[in-house]
Amino acid sequence: MTERHDARTGRSERVGSGGGSGTGFGGQQPKAVQKALAMLEAVAYLGAGATAKQIAAHTMVPPATAYRMLNYLVADGFLARTPDLAGFALGRRTSELAYAATGAEQVRTAAHVLDAMRAETRHGLYLASFRGGVLKIVETDPDHEVVSAATVSRNPHAHAVGKLLLAYRPRYLDSVELRSVTAHTLVDGLALHAELAGILATEVSFENEESRIGRAALAVPVRERGSDVVGGLCLQGVAGRVSPDGAGLVEFLKAGARELCGLV
């Protein structure tokens with residue numbers, strides 16, 4: 001430890017000499033600590049990919065202050081930047097704290113569930129989050145091309161996971177332009193509403209060459225522990241091999257969604 005003197009205040013404070021990032025989240029700044037903890041909670045609630053603007057709004061912290069604190073938390077390993085650098089996710093040190101708190105087995109994550117599922121199928125699997133009213137792909141498939149969140153958001157009616165979002169967040173229907181992506185895209189409003197009603201009844205969404213010729217996909221809702229739908233688990237593959245008529249595939253997905261409850 002070293003002692004630093006502040007000429008403006010006439011005060012001295014002890015400063016750690018090793019390993020720290022200089023965040024200043026010490027005992028002299030309880031409000032800063034509270035804000036930092038609130039930001040960790042915000043990322044856990046909003047999900048991986050939450051932006052600085054969303055986190056600031058959720059915690060009611062000024063954006064400039066929020067961005068500075070987020071950078072501190074990233075530097076210390078409590079948060080991590082997403083691969084596209086557009087948002088934040090919980091970091092290694094936060095996982096270590098959760099592990100220490102359980103005093104038992106390693107904390108189960110969405111990635112663990114998806115990895116186990118991929119060992120049982122040749123189809124592509126990915127996980128989307130609907131938190132904050134924004135569709136985000138939070139777990140991609142390393143062995144298969146995954147449709148980007150931006151592509152789904154432009155034409156949600158043409159994608160299995162997009163139709164799942166529309167079924168459980170119907171207010172987004174007002175902003176959807178029913179345009180054709182392929183010759184199979186559903187562009188009739190009444191027919192789409194009927195399909196969305198069927199999704200709510202069966203909890204299965206299906207896409208058959210509606211966004212790309214030769215590709216089909218199934219999606220099922222993923223819930224929070226309180227039963228609210230917070231995302232979707234999607235399986236995609238070759239048209240003709242992926243269908244809601246395949247009871248085995250549907251049950252496989254629904255079992256995975258149950259495993260993911262509370263992890264999105």
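The values are calculated or read from the model by the stated rules, or taken from the named source; none is laboratory data. As the structure is a computational prediction, the values presented were derived from the model and not from experiment. Because the Cβ atoms are built from the backbone with ideal geometry, glycine has one as well, and the counts that use them run over all protein chains shown. Ligands, DNA and RNA are excluded from the accessible area calculation, which covers all protein heavy atoms including side chains. Shrake-Rupley method; radii C 1.70, N 1.55, O 1.52, S 1.80 Å.
Open to solvent by 40 Å² or more (accessible area, probe 1.4 Å), within 22 Å of the chain's Cα centre (by Cα) and within 24 Å of residue 262 (Cα to Cα): is that true of residue 118 in this structure?
Yes.
Filter segment 56-67 down to residues that are out of contact with any helix residue (DSSP H, G or I) (no Cβ under 7 Å at 6 or more places or on another chain), in a helix (DSSP H, G or I) and either open to solvent by 70 Å² or more (accessible area, probe 1.4 Å) or on the phi > 0 side of the Ramachandran plot (or both), then give me how many there are.
Number satisfying all stated conditions: 2.
Taking the residues in segment 214-227 that are more than 21 Å from residue 118 (Cβ to Cβ) and without any contact (Cβ under 8 Å) to a residue 40 or more places away in the chain as candidates, determine which candidate is most open to solvent (accessible area, probe 1.4 Å).
Per the criteria, the residue is 225.
For segment 228-247, name all the residues that are free of Cβ contacts under 8 Å to residues at least 60 places away in the same chain and either closer than 18 Å to residue 149 by Cβ or within 15 Å of the chain's Cα centre (by Cα) (or both).
Answer for segment 228-247, where residues must be free of Cβ contacts under 8 Å to residues at least 60 places away in the same chain and either closer than 18 Å to residue 149 by Cβ or within 15 Å of the chain's Cα centre (by Cα) (or both): just 228.
If a residue has to be closer than 16 Å to residue 164 by Cβ and either surrounded by 13 or more Cβ atoms within 10 Å (Cβ to Cβ) or of a type in the set (Gly, Ala, Ser) (or both) to count, how many in segment 228-257 make the cut?
Looking only at that region, the number is 16.
Looking at (1) within 26 Å of residue 134 (Cβ to Cβ); (2) open to solvent by 30 Å² or more (accessible area, probe 1.4 Å); (3) under 21 Å from the mean Cα position of the chain (by Cα), which is the only condition residue 202 fails?
Answer for residue 202: the failing condition is (3).
Given the conditions (1) part of a loop (DSSP other than H, G, I, E, B); (2) within 22 Å of residue 113 (Cβ to Cβ); (3) not polar (S, T, N, Q), report the number of the one that residue 183 does not fulfil.
It is condition (2) that residue 183 fails.
Condition test on residue 184, is it surrounded by fewer than 19 Cβ atoms within 10 Å (Cβ to Cβ), at pLDDT 95 or above and either on the phi > 0 side of the Ramachandran plot or not hydrophobic (A, V, I, L, M, F, W, C) (or both)?
Answer is yes for this residue.
What number goes with the only condition from (1) open to solvent by 60 Å² or more (accessible area, probe 1.4 Å); (2) among the small types (Gly, Ala, Ser); (3) closer than 20 Å to residue 134 by Cβ that residue 211 does not pass?
Exception for residue 211: condition (1).
Yes or no, residue by residue, for (1) surrounded by fewer than 21 Cβ atoms within 10 Å (Cβ to Cβ); (2) not basic (Lys, Arg):
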position: 139; (1), (2): no, yes
position: 151; (1), (2): yes, yes
position: 163; (1), (2): no, no
position: 177; (1), (2): yes, yes
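Here is a check on your reading of the model: is residue 53 free of Cβ contacts under 8 Å to residues at least 60 places away in the same chain, touching a Pro at 6+ places or on another chain (Cβ under 8 Å), basic (Lys, Arg) and open to solvent by 40 Å² or more (accessible area, probe 1.4 Å)?
Yes.
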